[in-house]
Amino acid sequence: MRDPSDVAKPNLFKQRFDIPQGDFVALYQGAFNYNRGLETAIEAVEGLADKGIHLVLMGYGPLQRLVDEAAARYPNIHVHPAVAYEEVLAHTLSADIGLVSVKPTCLSYLYCLPNKLFEYILAGVPVLSNDLPDCRDLIASYEVGSIVEADHPSGWRKALLEAKSNGTSQFEPGLKRAAETLSWSREVAPLLAVYSAMGEGRH
């Protein structure tokens, strides 16, 4: 994985949706599914158009109609179709912050570490997450983002306003460190060692 700091930041979302250059783009990428916090995220950005905060929803799924209707209703909500794997990085890089908003409706969701969390980090994009224990621990240990204090629309709205106001440059060192540490090139050696040991144990 390339160091995100070596990649020129694209503006694919701003170009596609005619978003002013100085505005702030929050990205939800992944399945438009139930219990992923889509409804909360949408309600959180209602009324924030005049604050220069936009929500881009990139993906597809059962809640497609919900996100399409929200985009038609609010000028700062935009729906982007899912993209091919090799195009994900450039699109993720186009955001100012990435959202992890999974609802902890079961133990699997409570202790999840979703793919999008690592996609944001490896793209060098700070993370804004609700308080999921393992997500919180990873975000705190690498200093790659913030945790929303209250998982409801007003809590997310407050967190988004603070993120835009404070900027995200303070997370750059942590994002670089995390991208280097949490990469496949670092993970493959210990994984292969485990498989090798398992194979030797069968003889």
Quiz prompt | Lone qualifier among 120, 195, 109, 142 - being farther than 29 Å from residue 9 by Cα, of a type in the set (Ser, Thr, Tyr) and either within 14 Å of the chain's Cα centre (by Cα) or modelled with pLDDT of 95 or more (or both) | solution = 109
Quiz item: Are any of the residues in region 25-42 in a loop (DSSP other than H, G, I, E, B), modelled with pLDDT under 95, of a type outside the set (A, V, I, L, M) and within 18 Å of residue 155 (Cα to Cα)?
Solution: no
Quiz prompt | Subset of region 43-78 (residues that are out of contact with any His (no Cβ under 9 Å at 6 or more places or on another chain), crowded, with 20+ Cβ neighbours inside 10 Å and either charged (D, E, K, R) or assigned to a strand (DSSP E or B) (or both)) | solution = 53
Quiz prompt | Counted residues, region 141-170 - those being touching a Gly at 6+ places or on another chain (Cβ under 6 Å), part of a helix (DSSP H, G or I) and within 16 Å of residue 26 (Cα to Cα) | solution = 0
Quiz item: In region 126-149, what residues are loosely packed, with under 14 Cβ neighbours inside 10 Å and more than 20 Å from residue 108 (Cα to Cα)?
Solution: 140, 141, 149
Self-check item: Those residues of region 163-187 which are closer than 12 Å to residue 145 by Cα and charged (D, E, K, R), in sequence order
Solution: 172
Quiz item: Can you name the condition, by its number, that residue 147 falls short on among (1) touching a helix residue (DSSP H, G or I) at 6+ places or on another chain (Cβ under 6 Å); (2) at pLDDT 95 or above; (3) under 21 Å from residue 180 (Cα atoms)?
Solution: (3)
Quiz prompt | Members of region 29-42 found to be surrounded by 15 or more Cβ atoms within 10 Å (Cβ to Cβ) and free of Cβ contacts under 8 Å to residues at least 40 places away in the same chain, listed by number | solution = 31, 32, 39, 42
Practice problem: Please verify whether region 123-132 includes one or more residues that are more than 30 Å from residue 11 (Cβ to Cβ), of a type in the set (S, T, N, Q) and modelled with pLDDT of 95 or more. | Solution: no
Quiz item: Of the conditions (1) over 30 Å from residue 177 (Cβ atoms); (2) part of a strand (DSSP E or B), residue 128 fails just one. Which one is it?
Solution: (1)
Quiz item: If you take the residues of region 101-125 that are outside any helix (DSSP H, G or I) and of a type in the set (A, V, I, L, M, F, W, C), which of them is surrounded by the most Cβ atoms within 10 Å (Cβ to Cβ)?
Solution: 125
Self-check item: Test: residue in region 89-100 that is crowded, with 20+ Cβ neighbours inside 10 Å, polar (S, T, N, Q) and part of a strand (DSSP E or B)
Solution: no
Practice problem: Please give the number of the condition residue 47 fails out of (1) modelled with pLDDT under 95; (2) in contact with a strand residue (DSSP E or B) (Cβ under 6 Å, 6 or more places away or on another chain). | Solution: (2)
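The values are calculated or read from the model by the stated rules, or taken from the named source; none is laboratory data. Because the structure is predicted, anything quoted here is derived from the model rather than measured. Don't worry about glycine lacking a Cβ; one is built from the backbone with ideal geometry, like all the others, and counts go over all protein chains shown.
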